[in-house]
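Here's the structure we're looking at; comments come further down.
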Amino acid sequence: MTSALVRTILPGALLAAVAPLPAHALPLPDSTALVIRVNQVGYLPTDIKVAVGCALQKPQTPVSTFDVRDASGRTVLAKRPAVASGPFGPCAETYRLDFSKITRTGRYTIDAGGVTSPTIRIDPHAYDGAADTLLYYMREQRSGYNPVFKTTVHTHDGIVVDDSLRAGWFRVVTGGWADASDYLQYVTTSATATYDMLAAYRDHPRAFSDAFDTNGDPGRNGTPDVLDEARHGLEWLLRMFPTDAEMYNQIADDRDHRYFDIPPNDSSDYGWGKGRERPVYPCTGKPQGLFKYKNRSTGKASTAGKFASAMALGAALFRTRDPAFADSLRRRAIAAYSVGVASPGVCQTASSVSPYFYEEENYVDDMELGAAELYALTHKASYLRDAVAYAAREPVTPWMGADTARHYEWYPFHNRGHYAIWRDENGGARRTMIGYYRDGLTRVVARAHNGFRIGIPFIWCSNDLMTSFATQAYLYRKMSGDRSFVEYETAARDWLFGANPWGQSMVIGLPENGRYPHDPHSAVSRELHIQLTGGLVDGPVYRSIFQNLKGIALTHADSLAAFNTGFIVYHDDLGDYSTNEPIMDGTASLSYLLSALAADGTRTTR
Ligand SMILES: [Ca+2]
Ligand SMILES: [Ca+2]
């Protein structure tokens, strides 16, 4: 990478949109100190509001009370009980500091055990614009025309592999998003990301604004940016399912990992020359992998269902904006669903030279969502019957309540189909769907008797699970009116924005003046010295996972070392691809929750 290239591809307008990298070194705390962790984005006035105190060593004198002061220094809550809640991770003791009583918009600080918290924001508009912030990262991940690089990347996609009929054929499948900091592309995650952004817009349209055009370049185009981004995904999905006989699942494979380049310079060589064509894997219904490692694919339905749901919802939302586009989506959604019915089973992602792939084991969730969205689109009763029947086959996504799972074994991380059925059904199935979510939430909450109220397993991409739990709890509350899980819902959300042992927001640049990842695992941020605003990183993992991954090593002293002494670890270090790599699907998934919170805040001010 040369500075000349940086200058030519990053015009001032885009540089203005991203802040320079601040120094990531932070002073280490006194090992006996108490730290107070808060949600740095803020709290809605009606929220349950809890800050968490974390003492790295058991204090000689227990912390028993806390005070809250407003921005003028006036004490507004005095001598409230600090509830000792046991050890968690690096914290020898945790304290729950509940300041829900404060409902007035403003900025506050908490004093406890001789320390003061970061500034706490209470504001009905705390989440305004937050979902749009995530879209900066989605635009940065675009394949095809990329607005950050101002050029088209991965233009030679691709050549079909692993298909006895079509191997060696060239198919135009350029587009979509790079999955993470490598440049592999999967329908599994991209169709889910597309669906999530569409659903976020459908349910909370006013949470999104219009400041970028179809290409993702600055400038309004009359379309909310979330729909511009979803359309970029839908157009790619149409290319990946061009005929009823060709359902493609993946572009590139882990040979990508030999180089740590920015996308315009991707040097990967799949046998057709450096930076040339990349392989395109179809769903075949059989185990796949060109070299040492094979996946365990059994069918096509997990991918087919995802095509169907994203395209069906896309057809509904683009019906008036672009009838011809919507009509294509509708026809392809129906065809995709038929492929899934004819070929039950999972279409996993393929690896070649390393053992890591998305080991998805469920497909009924995907077919349920596909059927539910096709029912919403067509009102054909058989789709609703199918959806309800698929739902009964997996009422609870199996990671919920478990201590571990394989990588993306139960994907998507929550079953969006239950909510889709509830939305469009008028009879007894509504109550059944509410019960399904309640069962899953109950299982996670049973594991959450700790100071942070966290019950998810800390497997790879734990932030995906945290987002999923909070989203399901939100949906359950909306569907049932029951607030039983609201404390846990809020705790999961607050964890993502700083109420965690590291005191770190897990979304880059959110909030703008907060503590968030500054050294993510990304060639783009390293080479171009830009901030990947909006990217949700993977999040903490069990220490045992971090220690057993291949080729992982920190690149500098751990600024969070004092908090990496427990059973889970998180490193703000480019070298840690297990906890600090931004992830496209997790980022898109969070757009639903953040748009919901913005809408909730707006409602309370009416
Ligand atoms: Ca726009
Ligand atoms: Ca699935």
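Which residue pairs have Cβ atoms closer than 9 Å, lie 6 or more positions apart in sequence or on different chains, and pair a first residue in the stretch 205-227 that is in contact (Cβ under 8 Å) with a residue 24 or more places away in the chain and away from ligand 2 (no atom under 16 Å from the Cβ) with a second residue that is of a type in the set (S, T, Y) and assigned to a strand (DSSP E or B)?
N215/Y145; G216/Y145; D217/Y145
Pairs needed: first member in the stretch 286-304, open to solvent by less than 10 Å² (accessible area, probe 1.4 Å); second member anywhere, within 16 Å of ligand 2 (Cβ to nearest atom) and among the aromatic types (F, W, Y); C-beta distance under 7 Å; at least 6 residues apart or different chains.
N295/F357; G299/Y363; A301/Y363; S302/Y363; A304/Y337
Working carefully through the options V50, V35, find the one that is in contact (Cβ under 8 Å) with a residue 60 or more places away in the chain, open to solvent by less than 20 Å² (accessible area, probe 1.4 Å) and under 29 Å from R447 (Cα atoms).
Result of the check over V50, V35: V50.
Filter the stretch 373-383 for residues that are small (G, A, S) and surrounded by fewer than 13 Cβ atoms within 10 Å (Cβ to Cβ) and give the result.
Scanning the stretch 373-383 gives A381, S382.
Looking only at the stretch 384-405, filter to residues that are assigned to a helix (DSSP H, G or I) and surrounded by fewer than 23 Cβ atoms within 10 Å (Cβ to Cβ); which one of those is nearest to ligand 2 (Cβ to nearest atom)?
Residues of the stretch 384-405 assigned to a helix (DSSP H, G or I): 384-393.
Still in the running and surrounded by fewer than 23 Cβ atoms within 10 Å (Cβ to Cβ): 384-386, 388-389, 392-393.
Values: L384: 20, R385: 20, D386: 16, V388: 17, A389: 16, A392: 16, R393: 12 Å.
The selected residue is R393.
Filtering the stretch 230-272 down to residues that are among the hydroxyl-bearing types (S, T, Y) and farther than 30 Å from A312 by Cα, which residue is modelled with the highest pLDDT?
Checking each candidate, the answer is Y270.
Condition (residue is of a type outside the set (A, V, I, L, M), buried (at least 22 other Cβ atoms within 10 Å of the Cβ), touching a residue at least 24 places away in the same chain (Cβ under 8 Å) and within 16 Å of ligand 2 (Cβ to nearest atom)) applied to the stretch 241-257: is it met by at least one residue?
yes
Looking at the stretch 96-113 only, could you name the residues that are surrounded by 17 or more Cβ atoms within 10 Å (Cβ to Cβ) and more than 14 Å from K79 (Cβ to Cβ)?
Selection gives R96, I102, Y108, T109.
Please determine, by comparing only the residues of the stretch 262-282 that are open to solvent by less than 10 Å² (accessible area, probe 1.4 Å) and assigned to a loop (DSSP other than H, G, I, E, B), which one is farthest from G158 (Cα to Cα). Can you show your working first?
So the first thing to find is which residues in the stretch 262-282 are open to solvent by less than 10 Å² (accessible area, probe 1.4 Å), and the list is 262, 268, 278-282.
When the remaining residues are screened for being assigned to a loop (DSSP other than H, G, I, E, B), the result is 262, 268, 278.
Numbers: I262: 19, S268: 13, R278: 5 Å.
It comes out as I262.
Within the stretch 35-67, how many residues are in contact with a strand residue (DSSP E or B) (Cβ under 9 Å, 6 or more places away or on another chain), part of a loop (DSSP other than H, G, I, E, B) and farther than 19 Å from R515 by Cα?
12
Confirm whether G168 is part of a loop (DSSP other than H, G, I, E, B), at positive phi, without any contact (Cβ under 8 Å) to a residue 12 or more places away in the chain and away from ligand 1 (no atom under 15 Å from the Cβ).
yes
Could you please let me know if R385 is more than 16 Å from ligand 1 (Cβ to nearest atom) and either β-branched (V, I, T) or closer than 30 Å to Y259 by Cα (or both)?
no
Keeping to the stretch 486-501, report how many residues are part of a helix (DSSP H, G or I) and not β-branched (V, I, T).
9
Which one is farthest from A588 (Cα to Cα) among residues in the stretch 187-213 that are surrounded by fewer than 16 Cβ atoms within 10 Å (Cβ to Cβ) and within 10 Å of ligand 1 (Cβ to nearest atom)?
A211
Show the residue pairs that are 6+ apart or on different chains and have beta-carbon atoms under 6 Å apart, the first residue being within the stretch 144-158 and on the phi > 0 side of the Ramachandran plot, the second being open to solvent by less than 60 Å² (accessible area, probe 1.4 Å) and among the β-branched types (V, I, T).
Partner pairs satisfying both residue conditions: G144/T174; K150/I9.
Determine which member of the set V346, V341 is within 16 Å of ligand 2 (Cβ to nearest atom), open to solvent by 10 Å² or more (accessible area, probe 1.4 Å) and in contact (Cβ under 8 Å) with a residue 12 or more places away in the chain. Explain how you work it out, then say what you get.
Numbers: V346 fails: open to solvent by 10 Å² or more (accessible area, probe 1.4 Å).
Selected residue: V341, the only one of V346, V341 that is within 16 Å of ligand 2 (Cβ to nearest atom), open to solvent by 10 Å² or more (accessible area, probe 1.4 Å) and in contact (Cβ under 8 Å) with a residue 12 or more places away in the chain.
Tell me the residue from H418, H414 that is open to solvent by less than 40 Å² (accessible area, probe 1.4 Å), within 15 Å of ligand 2 (Cβ to nearest atom) and assigned to a helix (DSSP H, G or I), please.
Among H418, H414, only H418 is open to solvent by less than 40 Å² (accessible area, probe 1.4 Å), within 15 Å of ligand 2 (Cβ to nearest atom) and assigned to a helix (DSSP H, G or I).
Do you know which of the residues in the stretch 306-324 that are buried (at least 24 other Cβ atoms within 10 Å of the Cβ) and away from ligand 2 (no atom under 16 Å from the Cβ) is farthest from the chain's Cα centre (by Cα)?
A315
In the stretch 183-190, is there at least one residue being of a type in the set (A, V, I, L, M, F, W, C) and in a helix (DSSP H, G or I)?
Checking the stretch 183-190: at least one residue is of a type in the set (A, V, I, L, M, F, W, C) and in a helix (DSSP H, G or I).
The values are calculated or read from the model by the stated rules, or taken from the named source; none is laboratory data. Source: prediction; values computed, not measured. Positions of Cβ are generated from backbone atoms using ideal geometry, with glycine treated the same way; all protein chains shown enter the neighbour counts. Please note that ligands, DNA and RNA were not included when accessible areas were found on the heavy atoms of the full protein model with its side chains. Shrake-Rupley method; radii C 1.70, N 1.55, O 1.52, S 1.80 Å.
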